Every structure is written in structure tokens, then in C-alpha cells.
Amino acid sequence: MSEQQYLIISPRWVVPMEGAQPVLTGHSVVLRAERIVAVLSTAEARAQYGAQAEEVLLPEQVLIPGFINMHAHSAMTLLRGVADDRDLMDWLENAIWPIERAFMGPEFVYDGTRLAAVESLRGGITYTNDMYFYPVDGARAAIDAGMRLGTSINVLEFPTPYAANAQEYIARGLEAHAQFKNHPLIDITIAPHAPYTVSDATFLQLGTMCQDLGLRMHCHVHETQVEVDGGLKEHGMRPLARLDKLGLLNERFQAVHMVALDQADRELCTARGLHLLHNPSSNMKLGSGISPVQAVQDLGVNVALGTDGAASNNRLDMFTEMRAAALLAKVGNHAPRAVPAYKALEMATLAGARALGRAHELGSIAAGKLADLTAVDLSSPECQPVFDPISQLVYAAGREHVSDVWVGGRRVLSARQLTTVDVQDVNAKARQWGERILAR
């Protein structure tokens, strides 16, 4: 599609995630260059744009906004399955951090992020809000794959192969910000790892940077009760309250996990307007607990979904996360109406755009927005019959049913085939890393 040409996408169903009708039938989405021009009946689309357009027919597909994975550590796809069935601190201190010290570097991050991009795009994910080291190399991998990445100014107090101390982490992150701040596929967040790995002084410095640069803060918070108990012992207050005392909690704050929340924590989330990034599969696998999603949503808190890294999940799969979020809320509240299918899909799309501060251009299918779109084929036996395509997406379909994906109007997945990446090369690099890590 040239910049002057229109593209008409005509699926069986459109789920726009805004407007009065949850599901549109007999409708098409019209694109020009990177943006959506119109959502209208197929007959009108052909009449108004047909002479200047090519048309993609998707007769058994439901077209939805591209999934927004609001929390991941993309390069850690290369650590998938390396240390399963452990609790969080054992997993970090005795497995992940030692392996990272031995192997992490620019090549590791580029290859791991490219592997993550392949997995993500094949599963309908068009944007990943990432948290990892070597952001320049992660950004390059995402750009090469043609997907959006929110890379990060990642900060810890202790040394890694990437940086020696907090100031060096910040300096290197700012270099990445300067390089990519105007790139159409790349956003930057400020990402202090967690309250137990970052000092008050560094948090204050990062808070000032958020204000000065207009960036969001992306941080693990209240992931486990152990973390909360440690915060009480060291600081005399719960970690969330400590962050609030430092003036960090506001509408730019993205709080990851948020499992161990009491009523005061929940009310603080509401009062400050922060965003909760829910990672149900990772929280289950690490035995961390169940985030009280329905309770905070009832208080007006925006909750978006993430996968976490493949080392603790082990899938970058938003279909799995939608289903897990819905089912955990139901069983946790003994309430079958908790987190219904439409809400789960919203958490995987528009809620993520809100948390990014980009709901004006991402997260739904509407004229003027960026054309990040995912088509899911519901024709297979596993998805039949279809009474409600939204319920089918959340409770029956899987990432293997994603047929086509567009990012900024560019078709990056066509009939299940990636158009931007040599998958065989990506797999070969992943196997090589696996052999090196296994031989350590």
C-alpha cells in the first residue's frame, strides 16, 4: 500500500473497543498510510474508497486492536524454562541474576528481543512495554521486526554487566532516550526495578526526570507479601506508601503486579490515578498470589494486562493472560460476572493505551488512530460455533488463530507468515544461546 493509496480491510466482525456497538458486522476498516481513515459499512467503504483502494478480505476473522503487552522483559525469552518452579527471590537470586551476569550483553538483548518480537507478532501483540537492559539494542530489534516497543531507562543500585551503579544506569538510559525519542515505533519509560532494589535518593531523581522529560514510570510494586513485609521492616511503611511519600504516585505511574494490596493500598491507587499492570500467569507460576483486580477496577483504577518475561511465564501470549485474568477474578471473588470477556479484552488493548498515555491513538479501532490491528480466524473447530466473537476470543481462541497483523498500517503478519523477520535465523540464534547457557 503506497502512502497515497487506501487499504480496505473487510473482516466478518470488527470489535472497535469504543462506540455504542461492541461488535460490528458487515463493516470494513479503511487505512491510509499509518492511520485509520474510517470504520463504516463495507458497501460504503467500497463506494467511497474502492476506486483508490486494495481490499483484504477476511471472511472468517474478527478484527480487533493490536494487543498491548504492558509488561515484559523481552530479551529474557532466551531464558525461557531455565529456572522453573521456584519462588520469586530464589528464582532471581539463584538463577536469573547469575545467568545474566554471565551472558547479558548487546547481542543477547538484540537476539532475545527479536525472538520476543517474533513470538509477539505471531500472537497479535503490536506493542510491548518493556523493562530491560541495553535499551538501544532492544529498540533496534523491535524496529527491525516492525513492532512497537516501550523500552526503558532501567535502574538498579547494584552492578550488572550493563552498568556499575544507579548513575551509570541513568546515563546509559538517557543516551537511548536521545537516540530514539522521535522514532515512531519506540517509546521510553523510566523503570526503577522495584522498591527493594532502588534507594529513596534514586527514586527522587527519577521522579524529577519523569517530570522534566514527560515520561512514564514503570516499576514492580507489591509483587509479593515478602516484599511488603521487607518494606515495613526496612522503611517502617508499605512500599506503595513509601513511593507516595516520595511524590511518585500519579497518573504517569505504571505499577506492575500489585498482588499484596490492603484496602489502604487500593484507595491510594484510586486517589493517585496510577495504572495497575496485571500479570496473572507470572504471578500464578511464581506463587506470588492473585492481584485484586475486580476490587480496584470497582474503585475506578485502570488495569492493563502484561505477560511478564518468558523466564517467569513462559509465554508472551495475551490470549492466555486475558483468560487467566477473567478466570482468576471469578474464582477469587466467587463471582462469575467478575472481569467479563469484554473487560478482559479491554485490559489487553485500550486499558494498555490509557496506561501509556496514548489512548488518543492506540488501543481501539477508530478514525484518526494508528492502524495497529490484529485479525483472529475463528473458523477452526476449536472456535466453532461462534455465538459471541468477544467471548470466543477470551475463552476459546488462542494465538495460533491469529492470521494477520498490521502495525502502523504495515502488514507484518500475512496469513500466519511474518513479512519482516527471518524466523529460521531467529530460531537458530535462540538455539545457540540455549546451548551456551546450558553449558555454563
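The values are calculated or read from the model by the stated rules, or taken from the named source; none is laboratory data. Please read all numbers here as calculations on a predicted model, not as lab measurements. Glycine also receives a Cβ, built like all others from the backbone with ideal geometry; neighbour counts cover every protein chain displayed.
Worth a mention:
- Pairs with Cβ under 6 Å, 6+ apart, first in segment 372-393 and without any contact (Cβ under 8 Å) to a residue 12 or more places away in the chain, second assigned to a loop (DSSP other than H, G, I, E, B): 386/378
- Residues of segment 191-239 satisfying the condition of being within 22 Å of residue 159 (Cβ to Cβ) and in contact with a His (Cβ under 7 Å, 6 or more places away or on another chain): 191, 193, 194, 220
- Taken as a whole, the structure leaves residue 362 outside the set of residues that are outside any loop (DSSP other than H, G, I, E, B) and surrounded by 17 or more Cβ atoms within 10 Å (Cβ to Cβ).
- On inspection, residue 227 passes the criterion of being under 24 Å from the mean Cα position of the chain (by Cα), in a helix (DSSP H, G or I) and over 23 Å from residue 357 (Cα atoms).
- For beta carbons closer than 7 Å, sequence separation of 6+ or different chains, a first residue in segment 34-53 that is among the aromatic types (Phe, Trp, Tyr) and a second that is modelled with pLDDT of 95 or more, the qualifying pairs are 49/6; 49/8; 49/30.
- Scanning segment 325-340 for residues that are part of a helix (DSSP H, G or I) and either farther than 21 Å from residue 125 by Cβ or touching a strand residue (DSSP E or B) at 6+ places or on another chain (Cβ under 8 Å) (or both) yields 325, 329, 330, 331, 332, 333.
- Residues in segment 305-324 that are part of a helix (DSSP H, G or I) and under 14 Å from the mean Cα position of the chain (by Cα): 5 in all.
- Yes/no for residue 418 being crowded, with 18+ Cβ neighbours inside 10 Å and under 24 Å from residue 37 (Cα atoms): no
- Close pairs (9 angstrom Cβ cut-off, 6 or more residues apart or separate chains): at positive phi in segment 402-421, assigned to a loop (DSSP other than H, G, I, E, B) and crowded, with 22+ Cβ neighbours inside 10 Å anywhere: 408/146; 408/371; 408/372; 409/371; 409/372
- Residue 366 meets the stated requirement of being closer than 22 Å to residue 9 by Cβ, over 19 Å from the mean Cα position of the chain (by Cα) and modelled with pLDDT of 95 or more.
- Residue match in segment 95-107 (condition: surrounded by fewer than 17 Cβ atoms within 10 Å (Cβ to Cβ) and part of a loop (DSSP other than H, G, I, E, B)): yes
- Out of 417, 432, sole residue that is of a type in the set (S, T, N, Q), within 28 Å of residue 30 (Cα to Cα) and either out of contact with any strand residue (DSSP E or B) (no Cβ under 8 Å at 6 or more places or on another chain) or in the same structural domain as residue 148 (by TED's automatic domain parsing) (or both): 417
- Filter result for the condition that a residue is touching a residue at least 12 places away in the same chain (Cβ under 8 Å), in contact with a Lys or Arg (Cβ under 8 Å, 6 or more places away or on another chain), surrounded by fewer than 17 Cβ atoms within 10 Å (Cβ to Cβ) and not assigned by TED's automatic domain parsing to the domain that holds residue 128, over 368, 398: 368
- Segment 379-394, subset assigned to a loop (DSSP other than H, G, I, E, B) and farther than 23 Å from residue 336 by Cβ, residue farthest from the chain's Cα centre (by Cα): 384
- Those residues of segment 262-285 which are crowded, with 21+ Cβ neighbours inside 10 Å and closer than 14 Å to residue 303 by Cα, in sequence order: 269, 274, 275, 276, 277, 278, 279, 280
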